[in-house]
Structure formats: structure tokens, C-alpha cells
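Below is one structure, written out as C-alpha cells; comments come after it.
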Amino acid sequence: MKFKNKHLILLLLSLLSTIKQLYGQNEAIKVACIGNSVTYGYGLAKPAQESYPAQLQKILGAHYSVLNFGHSGSTLLKNGHNPYFKTPEFANLIASKPDIAIIHLGLNDTDPRDWPDFKQNFEADYAWLIDTIRKANPRVKVFICKLTPIFSGHPRFKSGTRDWYGQIQNLIPLIAAANNTGLIDFHEPLYNRPNLFADNLHPDKEGALLLAQTVYGRLTGNYGGLKLPAVFTNQMVLQRDRPIPVYGKANAGDAIEVRFKGKNFKSKADENGDWRVVLPAAKAGGPFQMNISGKDTSITISNILLGDVWLCAGQSNMYFPLSRSAGGDTAMKSAVSNRKLHLYKLNLQAESDLGAWDSVSLAKVNGLTFFSGSWKTCDSSSAAGFSAVAYYFGQKISRDVGVPIGLIEVAVGGSPTESWIDRYAMENDDQLVDMLSNWRASDYEMQFCRDRAAVNLKNSTNLKQRHTYEPCYNYEAAIDPLTRFPVKGVVWYQGESNTHNIGLYSHLFKTLVSSWREKWGYNLPFYIVQLSGINRPSWPAFRDAQRKLQQQVPNTAMAVSFDLGDSLNVHPIRKKEIGERLALLAGRYTYHKQVKANGPEPKNALLRGNAIVLAFAFAQELKRANNKSLIGFELITNKGRSIAAPAIIKGNKVYITVPAGEKIKAVNYAMHPFTRANLINEAGLPAPTFTMHWHEKENLFY
């Protein structure tokens, strides 16, 4: 009986196979993955199971047959050093007559043996490859891919690869359009994941999975249904007086409808699952409700305000919470009185304090899911843990301007400026690109940052483990997701972790501002805080560099804080004054209110007899804080000796007597690490730390 059952089963299977062959029902869709070592799976422990084509097969399932035709080191250029069309994989590809072809070639064409001599043939050679595949199967669907990243640790990055790679990358969309192929972006999913590239060129197993998922989405149109960015939650504030983009993901082709303020706006998800509608600019008001509906899902967002959104970013003094600030208890009790102030705090998965991060935190920082949060109406609870500087700034702006205010806090204690800059900007800057490689052992980074990162990452065995102090990290994990969300401007309190290299900081800050403005697409105002007073030797010169930066970078202004400092504590607790000084600057320069917002700013100084006379902007009348004797000025002789100089105020000028026989080359104010320098103007706002040098030709100090 057992024999008969077995024989019957075999007979049925044979019959079924014959029927399928006769009617062609057993033909799986053949997907040919064409490329170089990235397609092959170079560097993976088990390429046959871990390469992107192998993982694509698992995702697509039995209805597809995914074939790997990757050949390590191959070039697309037919005159290249290892042309793909001469490989065995190419011959097997043509013989397979694929139904779908995924081509990812071009990385090896950046070789100096190839691109300088034969770049003019790239488009024609690509077209030849596409046409040859189509001749094998006229019904084939061809997709060509934008290149996976080559990171700056690559040995030829600065000497040619970076620029040649960019030229090839720019050609690929043009080639897709000219040859009527589909286009798949292999660059975008991996560009912010350098931890997945041990050798800066080949993705690991997780990176290969991201490529497989990218191809899967493009072939099937399945992107997991309707999704919104994390910043779209109840209680959000949308920027008034600007077109309002509403955007997200959905399955390809799905119709999307957005209903807001009684009007409907329609869109459709494109082949990459992206959809977007743009609501017309609107005046301040609310609360409103928004409904976003897709094929099978509807999302409603409630209590939306239209007003001004300010991004408040930086390191620990921006992170410093209201609950710990001077007068914080009183402020928290009154926070509930302003219902038009909404707060969005991006919380950190783990603090960058003196503790080793656990496996969950290590995984989240690598996966760029280290930050999370939601919009909240301001009350005693939500305000308590929110940035004190940002809170006081927002409260004053809300009162003075009379519109709803949304504050987005993105702050990381100890984070250096370079962690907030986008990768492309740093890679394409011949000075900053060198900061990207081996940052944990680099003198570009402050020793504090390297030491603290070493403690936090103690439990990690991944040589490319990421950290919030790593160059580009905070931009990639926190800022980049916000760049499509319009904001009014930026409040920036950072610099403590860059005081070891003042010249480099100046370049970094300029790069950050220009980068963010480019990403948002308009001239964001930046209001910054000059660092406080503390007994750290490099801080006076750093504060003066900050002062000069506001003069060099348009649409920036600086609030002074050294008078609120603590000689031993890098986190002074008097945050209200700082927040309100920033609000005065915004009131004057963004909202164009007739308010006094600046402290006395030195213009020049003349030598008159035995006195140096300093003139100031933003001061109709100079004063002394607390009516004490004027202190803080010193003279530097031509031999470099410092002389404490008695100074007096006459109207809106300061007079300093030069000791007999001394030749002075510089005038300093508040140039000690911790200082009680006390020059203010009629509005009670302090003068910044500054130094002025003698210029013989002009016969003055400036």
C-alpha cells in the first residue's frame, strides 16, 4: 500500500510538470542583475546567500528567478581595463534572455586607466549594452542604476574618484531617459550609511539587503502603504506665509488626497513611492485638522497651528532643560498660559555621558533611528525637559509677534559643528573631507569628543560604529529629515566642542550655514550665542571669532552670554537672558520691529595724543553694568605685553589712556576666559568679547 501511494504521487507530479511545460505556466520571471563586485557580493561571507541578488530572490519569492551576473572589477566602458562585455557573465546574461535587467555599472570606470581617456564613450557604450540585452529578448524591461556610494576613505577619493564618480552619476539619469529605461537609485538609500561599507566601496550584508529592498519596491510598487514623515503629528505647527509641502510614501500609483481648511489636494505616488502636495501659503491661525487618505489608509492630524517654526539646535547649552535653569520652576508653572506655543523635542536614544551604550542604542545609532519625538502643546510637563534657551526665545517671540510659534529642539550634548554638516558639503571641500576618515583617531576632533565616544562605544565591535559626534551624523539622523519642512529660521548655540581649532571652526560654521540654506532652499536667518565666560584658555579668542563670523556671514546675528557665565561650569544656569536676547535679535532682523537688539559693537579706535578712543555701533549711550567702574579693557604692546588699562566712558565712546612710552598694537575687551567686563548700552545689552588691531596705513585700530 505504501508503494502504491508513493507511485501515485510520483505519477501525479510528473503529469503536473508536463502540463506546466505544455502550457508554459512554470516559467518564473527571470531577473538579471548585471554589474561589478557590488552585484557579485564581494567582501560578503556568503555571496551566494548574502549578495543583493540573492536577497532579492528571497523577497520576490518563487514567481521570480533572480540571476546574479556580477563580475568583480568590470567596467562599463568597452575600452576599459576590464570591460564587462568580455566577461563570461556577459555571455551567460545574453543566453539567459532575461525578462527584467537591472544594470549597475560605472564604479570601476572611475579608475585612472579608464575615465580620463575614454569618458567620451560612456553614453554610447551604455546604450550598446542596453540594445544588446534587448536584442536577446525584445520584451525585456531594463532598469539602470545610479551608483552605490564611494566614501571618502577610498584611496583615490580626492585624487580623482570623487570628481569622476560625480560625472558618471550625473550621466546615468540622462542615459536612462535617452534609452527609455527605468531608473533605480542605488545611491540615496546608502549614502548616509557609511557604517555598512567596511572598505568604503562594498556594502555589507545589511547594505545588500537595502539594495534588494530598493529593487523590490521599484519592481513591485510595494512600499508598505501610506506613511508620513515623523514631524507630521498632532499639535504640529506649519510655517505661515510660505507654500506648505505635505509629503510621504505610498505604494506606487496610489492616489493620495489631502484635505485641509475645507479644500482637497490630490497627488499620486510615483514609481519610487514618493508623493507630495503643496498647500498654498496661509496666514497665522488655528487650530486646524488635516486628513491624508490613500488607497486603504486614512490619517488625521489634529490641533495644527499655522505660525512661525524655529529650529533650535546645538550642543549641551541648547539641550539644557528648562527645569534645571534659574527660575525654571516659576517658568514651568506659567508655561500653560501660552497655548499658542508648541514644542517638538527630538529625544535621544542614549545620552553622550560617561556610560557605555547598550546593544539597542548601538543598533539605533547605526540605523539612523537615534532621534524620536512628537509635537506637544506647551505646558508645565512638556516645557520641563525642553531646551531652556529655546523655550524663553519662543515665549518672547510669541508674545511680541502675536502668532503661534513652533519650536523644534535638536540638540546633542558635546556635539561638534562637523556632526551637523551634510556629507556632500564635507566631501566636496578639500579641507573638510579629511575630517571624515578615521575620525575617532583624528586631531581634527577635540580630544573630549574622541574620549567620550570611546566610552559610549565600548561595547561595539564594529569598526565603523557610528556616534553622534561623528562628522555628518546629526545632520543625517536629525536635520536631513527636516529639510523639506519649512521653518522661519535657526537658533544656534554650539561651539564648545570646537574651541581647540578656531580657524577650522570658522570654516565649519560658514559651511554649515551655507549647507542648511541650500537644503531648505532659502536664506534662513541664523541667531547664534557667543560662548559664555569660563576658565578655559582658548575661549576668549573663540568668542572673538564668533563675533567676526556674524559680520562675515549675511543674515546672522549674535547674542552675548559671557556676562552670564560660570568660571567652573560649562553649563551656566541663567538661560532666560540668553533666550530673550536671541528673541530681540529675531524681533529686530526677522520681524523688523523697532527694538534695540544688539549690544555695543566696536567700529574702530583712533589714537588721539596719549589716548585711544573707541567708537561703537548700536550705542547711543554707553553705560557700566551695575554702575561699577568700567573694567575689561587691556592694551597689548608691540612686544606682546598685556597692560590692564583704565577706561572711561564719554557719551558713546570709550577713552583709554596709553602709558607713556608704550607702543600699542591691539586693544582687547573681555579677552580673559572668565571675565566680569561690564560695558553695556542704554538697553542694558552687553558688548561682546573683541580684539582690535592697529593698522599703520589707516592710522586706526579695527
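Among the trypsin sites (Lys or Arg not before Pro) in the stretch 625-702, those placed in a DSSP loop whose Cβ has at most 12 other Cβ atoms within 10 Å are Lys628, Lys639, Arg641, Lys663, Lys697. Going through the cross-link list Lys628/Lys650; Lys396/Lys519; Lys227/Lys268; Lys603/Lys697; Lys596/Lys628; Lys548/Lys628, which pairs have a Cα-Cα distance over 20 Å in this structure? Those over the limit are Lys396/Lys519; Lys596/Lys628; Lys548/Lys628. Cross-link partners of Lys345 among aspartates and glutamates, defined as those whose alpha carbon lies under 12 angstrom from its own and excluding same-chain residues fewer than eight positions apart: Glu409. Look at the alpha carbon pairs under 8 Å that are at least 6 residues apart: their mean separation over the length of the stretch 212-282 gives a relative contact order of 34 percent.
Taking the empirical scaling 2.2 N^0.38 Å for compact globular proteins as reference, the stretch 601-701 has a Cα radius of gyration ratio of 1.01. Among the trypsin sites (Lys or Arg not before Pro) in the stretch 269-364, those located in a DSSP loop and surrounded by at most 10 other Cβ atoms within 10 Å of their own Cβ are Lys283. Taking a straight line from the alpha carbon of Lys30, these lysines sit under 20 Å away, with near neighbours fewer than eight places off in the same chain left out: Lys20, Lys58, Lys97, Lys135, Lys141. Rounded to whole Å, the principal axis extents of the Cα atoms in the stretch 361-405 read 44, 19, 17, largest first. Taking other C-beta atoms within 10 Å as the exposure proxy, Trp375, Trp694 rank Trp694, Trp375 from fewest upward. Under 15 Å of direct C-alpha separation, and excluding same-chain neighbours fewer than eight residues apart, Lys205 reaches these aspartates and glutamates: Glu50. Kindly state, to the nearest 0.05, the FRET efficiency for Asp379 paired with Glu518, given R0 = 25 Å and r defined as their beta-carbon distance. Computed FRET efficiency for Asp379 and Glu518 comes out at 0.10. With K and R counted +1 and D and E -1, the other residues having a Cβ less than 14 Å from that of Lys519 yield a net charge of -1.
Each residue, Thr369 and Asp329, gets one label point 7 Å from its Cα in the Cβ direction; the gap between the two is 4.0 nm. Under 5 Å between amide hydrogens, built in the peptide plane, is the criterion, and for Gly495 it picks out Gln315 among residues at least 5 positions away or on other chains.
Between the beta carbons of Lys639 and Gln552, assuming R0 = 25 Å, the FRET efficiency works out to 0.25 to the nearest 0.05.
For Arg156 and Arg242, the FRET efficiency from 1/(1 + (r/R0)^6), where r spans their Cβ atoms and R0 equals 45 Å, is about 0.55.
The residues neighbouring Glu445, those whose beta-carbon lies less than 13 Å from its own, together hold a net charge of -2 under the Lys/Arg +1, Asp/Glu -1 convention.
By the gyration tensor of its Cα atoms, with a ≥ b ≥ c the square roots of the eigenvalues, what is the shape of the stretch 312-419: rounded for a/c under 1.5, prolate for a/b over b/c, or oblate?
On the way: a/c = 2.15, a/b = 1.96, b/c = 1.10.
Cα axes put the stretch 312-419 in the prolate bin.
Only Lys, Arg, Asp and Glu carry charge here, each on its Cβ (+1 for the first two, -1 for the last two); on that basis the stretch 481-550 has a dipole of about 160 debye about its Cα centre.
Does the stretch 25-220 classify as rounded, prolate or oblate by the C-alpha gyration tensor (a ≥ b ≥ c root eigenvalues; a/c under 1.5 gives rounded; else a/b over b/c gives prolate, otherwise oblate)? Oblate.
Summary value for the stretch 601-701: 32 percent relative contact order, contacts being C-alpha pairs under 8 angstrom separated by 6+ residues.
For the chain, the 222 nm mean residue ellipticity estimated from helices alone, with every DSSP H stretch of n ≥ 4 adding -39500 (n - 2.57) and the total spread over all residues, rounds to -8500 deg cm²/dmol.
As a proxy for reagent exposure, ranking Tyr591, Tyr52 by other Cβ atoms within 10 Å from fewest up yields Tyr591, Tyr52. At the listed q of 0.10, 0.11 Å⁻¹, the Debye profile of the chain, built from one uniform point per Cα, gives log10 I(q)/I(0) equal to -1.05, -1.18.
Every read-out reported here was derived from the displayed coordinates using simple, explicitly stated rules and does not represent laboratory data. Quantities reported herein were computed from a predicted structural model and do not represent experimental measurements. Here Cβ is always computed from backbone atoms with ideal geometry, including for glycine, and neighbour counts include all displayed protein chains.
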